[in-house]
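Notes for the one structure printed next.
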Amino acid sequence: MAGSHIAIPTILKIGKGALNDLGTYLANAGMHNAVIYFGNGLIDMFGAGVMGSLKEKDIKVLEYRELDTVNINDIIELAFNIDAKAQAIVGIGGGKVIDAAKYASYLRKLPFISIPTSSSSDGFSSASASLIVNGRRTSVPARMAYGIIADTEIIKSAPDRFIYSGIGDMVSKITALYDWLFESSNGYSEMNDFAVMIAKKAVNSFVRTPFETIHDDLFLKELLDSLAMSGVANEIAGGSTPTSGSEHLISHALDKMLEKPQLHGIQVGIATYIMAVVQDHRYVRVNAIFEKTGFWDYVSTLDLKREDFAAAIDMAPSIKPHRHTYLHEQQYRDKAKEVLYNDEVLKKVFD
């Protein structure tokens, strides 16, 4: 019988000041020629520190620039102009540059070092990239990062909305796993028990973390650890099923409908609460973490429209027609809209 082979990050450093040791991590991995891509405006913030760390370890920087595109054609051109001597591609920033650098490294079969500067989603650890293909946001295959380096000091300095987005994306594993169970019990897919275990451990570890504020080092480290574990769960499952269910379909629908969608994890978090009530599964826990972290307080300032979420619930099954989440059945779409309009918790968010 053939065994399983999964990719996991070889370098995983999450903690205070981790970015300062980038040169050491690359040198220890035998990488002496690197290409560095920064998110928009980040060279001013982190460039000197990064270059100093690499210079100290005699790492040659073959290319060093800011990237502000996720257009697949731009990235293909970028990838095939990378110097042949490159041994690693490093992406430093938010979702855009991480996705672009991840896809470029996938095309060139080079190790990718993922350095997120915010905790807004699990994208920094996933094996797919969200790019613009033919004018539309599309998820394309990539590879799990060779290295993940997340500096909690930098994550802490990002605006709070990015932390709230990460909280929403992390808590969504609760409803995503229940959707997978529903899909599996209805004969539409088969659950991978190991992927389920990893995703469950990730979300449970996070929601049980004691904290005073969302800026606590332990809280941010747990959030990042758990988001990284989510990427591994997807790798084991061979897709995003363990971490992305009906709540993500609502968010993807909002992305298609709205001129200015909210951050991914914000939309996903609200949809997670709706779906947890529909599933009658752990919604008290979801509400408690959203209340305690201030997620609901932040969301209530956003002037969100119930009608948008109702339309997104209806559109959800068409986003992934091959799936069979709760929202793929009319009775549960009706129930979700009933929750949207009548739930007491949501009245504070939408009214």
(request) Considering (1) within 19 Å of Leu19 (Cβ to Cβ); (2) at pLDDT 95 or above; (3) in a helix (DSSP H, G or I); (4) not basic (Lys, Arg), say which one Gly91 fails and leave the rest. (result) (3)
(request) Search the range 190-219 for residues that are in a loop (DSSP other than H, G, I, E, B) and pair each with any residue that is of a type in the set (Val, Ile, Thr) and modelled with pLDDT of 95 or more when their beta-carbon atoms are under 6 Å apart and the residues are at least 6 apart or on different chains. (result) Ile214/Ile163; Ile214/Thr293
(request) Check off (1) over 27 Å from the mean Cα position of the chain (by Cα); (2) closer than 24 Å to Lys173 by Cβ for Lys347 and give me the number that stays unchecked. (result) (2)
(request) Considering (1) assigned to a loop (DSSP other than H, G, I, E, B); (2) touching an Asp or Glu at 6+ places or on another chain (Cβ under 9 Å), say which one Gly239 fails and leave the rest. (result) (2)
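Quick one: in the range 37-65, of everything that is within 21 Å of the chain's Cα centre (by Cα) and closer than 17 Å to Ile113 by Cβ, which residue is surrounded by the fewest Cβ atoms within 10 Å (Cβ to Cβ)? If you could, list the steps in order and put the result at the bottom.
Just the residues of the range 37-65 that are within 21 Å of the chain's Cα centre (by Cα), to begin with: 37-40, 42.
This time we only want the ones that are closer than 17 Å to Ile113 by Cβ, so: 37-39, 42.
Values: Tyr37: 24, Phe38: 25, Gly39: 25, Leu42: 20.
So the residue we want is Leu42.
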(message) out of contact with any Cys (no Cβ under 9 Å at 6 or more places or on another chain) and either more than 23 Å from Arg285 (Cβ to Cβ) or of a type in the set (Val, Ile, Thr) (or both): which single residue out of Ser165, Ser114, Ser185, Ser120 fits that description?
(response) Ser114
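If I filter the range 155-197 down to residues being β-branched (Val, Ile, Thr) and either surrounded by fewer than 21 Cβ atoms within 10 Å (Cβ to Cβ) or in contact with a strand residue (DSSP E or B) (Cβ under 8 Å, 6 or more places away or on another chain) (or both), which single residue comes out as farthest from Glu222 (Cα to Cα)? Break it down stepwise before answering.
Narrowing the range 155-197 to residues β-branched (Val, Ile, Thr): 155, 163, 167, 171, 174-175, 196.
Right, trim to either surrounded by fewer than 21 Cβ atoms within 10 Å (Cβ to Cβ) or in contact with a strand residue (DSSP E or B) (Cβ under 8 Å, 6 or more places away or on another chain) (or both) and you get 155, 196.
Working: Ile155: 12, Val196: 19 Å.
Residue satisfying both the conditions and the ranking: Val196.
Working carefully through the options Ile72, Ile115, Ile82, Ile76, find the one that is crowded, with 23+ Cβ neighbours inside 10 Å and modelled with pLDDT of 95 or more.
Working: Ile72 fails: crowded, with 23+ Cβ neighbours inside 10 Å; Ile82 fails: crowded, with 23+ Cβ neighbours inside 10 Å; Ile76 fails: crowded, with 23+ Cβ neighbours inside 10 Å.
The match here is Ile115.
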(request) Test Tyr103 against the stated conditions and say whether it is free of Cβ contacts under 8 Å to residues at least 40 places away in the same chain, in contact with a strand residue (DSSP E or B) (Cβ under 7 Å, 6 or more places away or on another chain), of a type in the set (Phe, Trp, Tyr) and surrounded by fewer than 19 Cβ atoms within 10 Å (Cβ to Cβ). (result) no
(message) Pull out all pairs, ordered by first then second residue, where Cβ-Cβ is under 7 Å, the residues are six or more apart or on different chains, the first lies in the range 255-283 and is buried (at least 19 other Cβ atoms within 10 Å of the Cβ), and the second is of a type in the set (Asp, Glu) and part of a helix (DSSP H, G or I).
(response) His264/Asp169; Gly265/Asp169; Val268/Asp169; Val268/Glu247; Ala271/Glu247; Thr272/Glu247; Met275/Glu247
(request) Could you grab me the full set of residues in the range 108-144 that are within 17 Å of Ile75 (Cα to Cα), part of a loop (DSSP other than H, G, I, E, B) and touching a residue at least 24 places away in the same chain (Cβ under 8 Å)? (result) Leu110, Pro111, Ala127, Ala142, Arg143
(request) Looking for whichever is in contact with a helix residue (DSSP H, G or I) (Cβ under 8 Å, 6 or more places away or on another chain) and either hydrophobic (A, V, I, L, M, F, W, C) or within 27 Å of Lys256 (Cβ to Cβ) (or both) here; the options are Gly147, Gly166. Which one fits? (result) Gly166
(request) Filter the range 284-332 down to the residues that are of a type in the set (Val, Ile, Thr) and within 30 Å of Pro210 (Cβ to Cβ), then identify the one that is surrounded by the most Cβ atoms within 10 Å (Cβ to Cβ). (result) Val286
(request) State which residue pairs qualify: first residue within 16 Å of Gly269 (Cα to Cα) and inside the range 336-347, second residue of a type in the set (Lys, Arg) and part of a loop (DSSP other than H, G, I, E, B) in any location, beta carbons under 9 Å apart, and separation of 6 or more residues or different chains. (result) none
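In the range 51-88, what count of residues is obtained for those that are over 23 Å from Asn20 (Cα atoms) and part of a helix (DSSP H, G or I)?
If we filter the range 51-88 for residues that are over 23 Å from Asn20 (Cα atoms), which is where we start, we get 68-85.
Still in the list and also part of a helix (DSSP H, G or I): 72-79.
Here the count works out to 8.
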(request) Taking Glu183 as meeting all but one of (1) under 18 Å from Leu263 (Cβ atoms); (2) touching a residue at least 24 places away in the same chain (Cβ under 8 Å), write down the number of the exception. (result) (1)
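The values are calculated or read from the model by the stated rules, or taken from the named source; none is laboratory data. If you're wondering where the values come from, they're calculated on a predicted model, not measured in any experiment. Cβ: placed from backbone, ideal geometry, glycine included. Neighbour counts: every protein chain shown.
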